[in-house]
Amino acid sequence: MKAKRISYTMGVIGSAAALVLGANSTAFAASGSASGTGVSASASWSWSGCCTINNISQSVSDTKGDSHAVYAFIRVYTGLNPDGDDVANLRNDQGYNSTITRNGRSWAASSNISGVRVIACVDDAGSDTCYKGAYIDNPNT
C-alpha cells in the first residue's frame, strides 16, 4: 500500500502543521512563534500520540538594545491543566541582536495534550512582558 501525504497550513502566521499518513503509522509535526517589542521566539516539535511532544527545536532572539534578557517557553495545555504547563524554557542573556537555540528536548503529559503555544518574554524589572503565539491544536486528540 502506498503512503499518502497530506500537507496543510493553519491560517495563523508562524504556525503550520503537516500530516503524514501511512499504512499503520501516523506522524505529525508543528511549529509556532511569538514576538513583541524586544523579543522574538520560534519552536518546532513532533506530536507523538495523545500525550507527548518531542524533537523540540527552539530559538529566542534579543531584538532590542535595552539591557534586558529575553526568554521563551512552550505552554502545554492538557486535560488535567487547561491553563497550561510551561515547559522547555530557553533563556538568552547574550544581549542585543543575539539568538540562542536548543534542539532535541521532549515532554510527556499524564493526560491528553489538547494544544500548545510558544510564548516569548522580556525579563523586565517587576512583572515580565510576555507575548503569546497562536494556539496549535494537537491533531492526535
inquiry  = Please give the charge dipole size of the stretch 34-116, origin at the Cα centre, charges +1 on K and R Cβ atoms and -1 on D and E Cβ atoms. Round to the nearest 20 debye.
reply    = 180
query = Residue separation times 0.36 nm, minus the C-alpha to C-alpha distance between residue 54 and residue 102: what's the value?
reply = 16.0 nm
ask   = Once the principal axes of the Cα atoms of the stretch 46-141 are found, what is the range along each, listed largest first in whole angstroms?
value = 42, 27, 19
request  = Give the whole-number value, in cubic angstrom per residue, of the convex hull volume spanned by the C-alpha atoms of the stretch 36-81.
outcome  = 84
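A short reminder: the numbers here are calculations on the coordinates, not readings from a lab. Note that the structure is a prediction, hence the values are computed from the model and not measured. For neighbour counting, all protein chains shown are included, and Cβ atoms are generated from backbone atoms with ideal geometry for every residue, glycine included.
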